[in-house]
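The values are calculated or read from the model by the stated rules, or taken from the named source; none is laboratory data. Values in this document were obtained by computation on a predicted structure and should not be read as measured data. Ideal geometry is used to build each Cβ from the backbone, glycine not excepted, and the neighbour counts take in all protein chains shown. Each accessible area value is taken on the protein alone, full model and side chains, heavy atoms only, with ligands, DNA and RNA left out. Shrake-Rupley method; radii C 1.70, N 1.55, O 1.52, S 1.80 Å.
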Amino acid sequence: MGRPIRPRAFWGLLISEMAAIRPTLFHKNPFLFSSFSVGRSSLSAKEEIDEAHLGVSSNLIHELEVKNVVQVKDERKLFDEMQRRFLSFKKHNYLEHLEHFQALAELQTPKFMVISCVDSRVCPSNILGFQPGEAFMVRNVANIVPPWENGPTETNAALEFAVNTLEVENILVIGHSSCAGIQSLMSMQDNATGSSLFCHGSFVHKWVVNAKAAKLRAKAAAAHLSFDQQCKHCEKESINLSLKNLMSYPWIEERLKQDLISVHGGYYDFLNCTFEKWSLDYKNTSRVDNDDDDRVCHIKDQTIWC
């Protein structure tokens with residue numbers, strides 16, 4: 001039989017493992033550095049080291065091969081399950097509603113633009129039952145809508161397409177409990193800025209700093225509460241900050257003035273499976289005349305689904 005062909009990832013893992021083992025081997029075997037070895041005076045130090053490495057390498061290769069086989073089997077199981085789900089969708093959804101899906105293939109007319117968190121526990125289609133064609137979605141860390149003046153991001157690119165091209169009638173920003181992005185924001189130093197965070201290499205911090213105003217409001221309102229309770233307060237404050245930031249986009253505000261679009265907030269608490277929903281009260285949202293274009297965000301129609 002020929003020499004087994006192993007994937008490139010396998011050899012990369014082997015090299016990293018050997019790099020970690022080599023200093024340990026020397027440290028635990030100081031006699032490897034000596035040209036004298038009891039009962040083996042014919043071997044040089046280099047030969048002993050090479051022999052020792054050969055034994056370690058053989059064992060390590062075997063262990064890694066076993067791990068690699070297990071990993072491949074687990075991966076296949078994951079995709080086998082994914083295939084089963086897809087075929088079930090095709091049989092029970094797509095084929096049973098073929099005309100609907102064929103119409104969607106020609107044109108999409110969603111009523112909602114949804115901005116939610118990337119958290120794997122917060123899937124809008126699952127928790128709110130959105131069907132294909134009903135909601136145009138974008139997901140980011142901590143469901144943040146940055147202000148218009150901050151420049152282009154994938155979030156406002158999706159907003160622009162949804163509002164100007166698809167002409168959605170509703171924008172829904174969904175936050176959730178135990179949000180790691182908000183926890184990261186609340187843990188940051190108050191004097192941290194975007195540029196300094198970028199220098200430290202944290203993309204998460206660079207992004208969540210867009211919601212710094214929500215953090216400051218939460219800390220002021222909940223200073224006497226625990227960190228976890230402050231985070232929960234900030235999770236909701238951040239949603240309202242995003243609603244406020246949506247008004248900074250000229251093409252959204254123009255539609256708000258004409259009652260062509262509505263803006264909503266939602267909060268999914270997956271600890272007890274409740275959903276809190278409210279809407280932006282645009283007509284009663286006041287505007288302060290200053291250089292910061294600051295606004296007090298008013299809400300209405302607040303309800304809890306439980």
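Within the range 152-167, can one find any residue that is of a type outside the set (A, V, I, L, M, F, W, C) and in contact with a Leu (Cβ under 6 Å, 6 or more places away or on another chain)? No: the range 152-167 contains no residue that is of a type outside the set (A, V, I, L, M, F, W, C) and in contact with a Leu (Cβ under 6 Å, 6 or more places away or on another chain). Looking across the range 104-125 at every residue that is surrounded by fewer than 19 Cβ atoms within 10 Å (Cβ to Cβ) and assigned to a loop (DSSP other than H, G, I, E, B), the one that is nearest to the chain's Cα centre (by Cα) is identified as 118.
One line per residue, one yes/no per condition, for (1) β-branched (Val, Ile, Thr); (2) farther than 19 Å from residue 240 by Cα:
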residue	(1), (2)
131	no, yes
136	no, yes
140	no, no
144	yes, no
150	no, no
153	yes, yes
162	no, yes
186	no, no
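Within the span defined as the range 207-214, one or more residues are within 21 Å of residue 299 (Cα to Cα), out of contact with any Gly (no Cβ under 9 Å at 6 or more places or on another chain) and crowded, with 24+ Cβ neighbours inside 10 Å. When residue 162 is tested against (1) over 20 Å from the mean Cα position of the chain (by Cα); (2) surrounded by fewer than 17 Cβ atoms within 10 Å (Cβ to Cβ), just one condition goes unmet, and that condition is (2). Listed by first and then second residue, the pairs linking a residue in the range 271-282 that is within 17 Å of residue 127 (Cα to Cα) to a residue that is in a loop (DSSP other than H, G, I, E, B) and open to solvent by less than 50 Å² (accessible area, probe 1.4 Å), with Cβ atoms under 9 Å apart and 6 or more places separating them unless they lie on different chains, are 271/177; 271/178; 272/177.
Take the range 126-146 and flag every residue that is among the aliphatic types (A, V, I, L, M), within 16 Å of the chain's Cα centre (by Cα) and not in a helix (DSSP H, G or I).
Going through the range 126-146, the residues among the aliphatic types (A, V, I, L, M) turn out to be 127-128, 135, 137-138, 141-142, 144-145.
From what is left, the residues that are within 16 Å of the chain's Cα centre (by Cα) are 137-138, 141-142, 144-145.
The answer is 137, 138, 144, 145.
Residue 101 meets the conditions (1) touching a helix residue (DSSP H, G or I) at 6+ places or on another chain (Cβ under 9 Å); (2) in a helix (DSSP H, G or I); (3) within 26 Å of residue 180 (Cβ to Cβ) in every case but one. The failed one is (3). What number of residues in the range 147-183 are modelled with pLDDT of 95 or more, of a type outside the set (Phe, Trp, Tyr) and not in a loop (DSSP other than H, G, I, E, B)? Residues in the range 147-183 being modelled with pLDDT of 95 or more, of a type outside the set (Phe, Trp, Tyr) and not in a loop (DSSP other than H, G, I, E, B): 22 in total.
Within the range 249-268, residues that are in a helix (DSSP H, G or I) reach partners that are exposed (fewer than 15 other Cβ atoms within 10 Å of the Cβ) and of a type outside the set (Lys, Arg) with beta carbons closer than 8 Å, at six or more positions or on different chains, in the pairs 251/160; 251/164.
Being open to solvent by 40 Å² or more (accessible area, probe 1.4 Å), at pLDDT below 95 and not small (Gly, Ala, Ser) is a property that does not hold for residue 233.
Out of curiosity, is residue 191 on the phi < 0 side of the Ramachandran plot and either of a type in the set (Asp, Glu) or modelled with pLDDT of 95 or more (or both)? Steps first, answer last, please.
Values: on the phi < 0 side of the Ramachandran plot: yes; either of a type in the set (Asp, Glu) or modelled with pLDDT of 95 or more (or both): no.
Criteria not met by residue 191.
So which helices (runs of 4 or more DSSP H) stay within the range 200-248 end to end and still have 2 or more residues that are touching a residue at least 40 places away in the same chain (Cβ under 8 Å) and among the β-branched types (Val, Ile, Thr)? So the answer is 203-208. Within the range 60-76, the presence of a residue that is open to solvent by 100 Å² or more (accessible area, probe 1.4 Å), farther than 25 Å from residue 254 by Cα, modelled with pLDDT of 95 or more and not in a loop (DSSP other than H, G, I, E, B) is excluded.
When restricted to residues that are aromatic (Phe, Trp, Tyr) and either in contact with a Leu (Cβ under 9 Å, 6 or more places away or on another chain) or open to solvent by 90 Å² or more (accessible area, probe 1.4 Å) (or both), the range 86-100 contains 1.
Residues in the range 269-278 that are surrounded by fewer than 19 Cβ atoms within 10 Å (Cβ to Cβ), more than 21 Å from the chain's Cα centre (by Cα) and not in a loop (DSSP other than H, G, I, E, B): how many? Number satisfying all stated conditions: 3.
Would you confirm, using the coordinates I've provided, whether residue 259 is touching a His at 6+ places or on another chain (Cβ under 6 Å) and under 22 Å from residue 162 (Cα atoms)? Break it down stepwise before answering.
On the way: touching a His at 6+ places or on another chain (Cβ under 6 Å): no; under 22 Å from residue 162 (Cα atoms): yes.
Spelling it out, it is not the case that residue 259 is touching a His at 6+ places or on another chain (Cβ under 6 Å) and under 22 Å from residue 162 (Cα atoms).
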